[in-house]
Structures are given as C-alpha cells and as structure tokens.
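Structure first, commentary second.
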Amino acid sequence: MEHRSLVNSFRIAFSFVLRNVHKTLLFFSDINNDLALFDAPKPFQLSHDLQNQALLKFKFLQPGFHKVIIHLVDQKKKKLVCAWMLRATCQLPTVSKEYDVDISKGHTNSKKLLFTNQCDERKRFNLISSNEKLMIPKNNFIEINEKEMEYIRLQLFSVNKIGTFEVYLFVNDDGDQVKECFLLRLHVKDL
C-alpha cells in the first residue's frame with residue numbers, strides 16, 4: 001500500500017518479484033472514469049525470478065482523498081495474480097484564470113480561451129477536462145510556437161438544471177505536468 005500527495009497527475013512505478021510465473025499479465029484498476037484516468041502498460045511477459053517493474057499513470061480529475069485498487073491479472077486465464085491498494089490525496093493546481101460563462105438551460109454552447117506558450121520553443125500541450133459531461137476541448141491537444149498565442153476551443157454541453165457548475169481545464173505538457181489550470185463557472189439560467 002502506498003500513499004501519495006499529488007497535484008492532478010502522477011506516475012507510479014511498481015516493482016515486484018513473482019517466482020515460477022511464466023505468464024502474460026495485464027494491469028486493471030477499479031478507478032471510476034469520472035474521478036480519474038488510468039493509463040496502464042500493454043500486456044507484458046514477466047521475467048522469471050527477476051525484479052519486474054511497471055509504470056502506471058493516473059490523472060485525478062477531482063480533488064480529495066482517493067483509494068484505488070490495482071489488479072495484476074493473468075491475461076490468458078483471467079485470474080488475479082497480485083493486487084495493490086493505492087491511497088492518494090489530490091489537490092487542484094493553482095488556477096491561472098477564472099471565467100464566468102452564462103449559458104441557457106438545455107442548450108449547448110462553445111467558448112474560446114486565449115492561451116500563450118511561455119516557453120522558448122514550439123510546444124505541444126494536452127488539454128484535459130475535469131468533467132467531460134459539462135465541457136470538453138474540441139481538440140485533445142494544441143501546438144503553439146514559442147511566445148505565441150492561440151485559442152483553445154471548448155464545447156460546453158447542455159445542462160438541464162439551473163445553477164452554477166464548476167469545471168476545470170488542465171493544460172499539461174508532454175510529461176503530463178500541469179502548466180495552466182483554467183476554472184470555468186457555468187451559470188445555467190432559464191433564458
């Protein structure tokens with residue numbers, strides 16, 4: 001069992017020794033897709049009686065305490081070989097900009113946010129929504145030349161409930177570290 005304090009995204013390496021096992025294995029998780037994204041390696045063959053290592057990647061979309069069970073399963077027999085429990089406390093990154101957006105109840109909408117590449121080279125940034133039921137970027141990534149600005153286009157989905165809903169847009173670098181975090185407050189009104 002391992003406990004981590006983290007901001008949004010992290011990788012964890014598992015090292016393990018399994019003796020007399022000649023199997024092709026897969027990782028699975030009980031993670032809820034609304035809370036996090038889980039990126040596991042493809043099926044792999046164990047090295048017999050040696051230290052094996054796998055790199056797993058998590059992106060938590062909501063702050064708070066998370067308990068995740070990770071299963072290592074025999075691909076052929078579909079049987080559990082080993083399991084781990086990961087406990088993590090997740091914080092939201094610092095919010096770079098906040099936007100208040102008025103939308104009509106039951107209608108879809110779009111929004112453009114201006115983003116500047118602060119780096120001294122052309123960069124690719126991955127765009128991730130904290131709640132894909134409310135908002136998604138129209139493209140999963142954006143490539144921008146050094147010190148230039150580009151619009152990030154967002155699709156806001158229909159909400160059938162009046163109120164204010166918060167959704168975050170994470171702008172991550174290729175290493176999945178958060179570079180910018182935008183907060184959108186969606187004010188759903190009966191217009």
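The figures follow:
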item: Within the stretch 140-171, considering residues that are under 24 Å from Asp100 (Cβ atoms) and of a type in the set (S, T, N, Q), the one most open to solvent (accessible area, probe 1.4 Å); result: Asn160
item: Filter result (closer than 18 Å to Gln177 by Cα and over 13 Å from the mean Cα position of the chain (by Cα)) within the stretch 127-138; result: Pro137
item: Residues within the stretch 17-50 that are at pLDDT 70 or above, surrounded by fewer than 14 Cβ atoms within 10 Å (Cβ to Cβ) and not acidic (Asp, Glu), tallied; result: 4
item: Count of residues meeting criterion [open to solvent by less than 80 Å² (accessible area, probe 1.4 Å) and in a loop (DSSP other than H, G, I, E, B)] in the stretch 172-185; result: 3
item: Residue in the stretch 60-80 that is modelled with the lowest pLDDT, counting only those that are open to solvent by 50 Å² or more (accessible area, probe 1.4 Å) and hydrophobic (A, V, I, L, M, F, W, C); result: Phe65
item: Arg124 vs. criteria outside any loop (DSSP other than H, G, I, E, B), closer than 21 Å to Lys138 by Cα and within 20 Å of the chain's Cα centre (by Cα); result: yes
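Per-residue answers, yes or no, for (1) at negative phi; (2) in contact (Cβ under 8 Å) with a residue 24 or more places away in the chain; (3) not in a strand (DSSP E or B):
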site: Glu143; (1), (2), (3): yes, no, no
site: Lys161; (1), (2), (3): yes, yes, yes
site: Leu169; (1), (2), (3): yes, yes, no
site: His187; (1), (2), (3): yes, yes, no
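The values are calculated or read from the model by the stated rules, or taken from the named source; none is laboratory data. Remember, predicted model here, so these are calculated numbers, not experimental data. All Cβ positions, glycine included, derive from the backbone under ideal geometry; neighbour counts span all protein chains shown. Heavy atoms of the whole protein, side chains included, go into the accessibility calculation; ligands, DNA and RNA do not. Shrake-Rupley method; radii C 1.70, N 1.55, O 1.52, S 1.80 Å.
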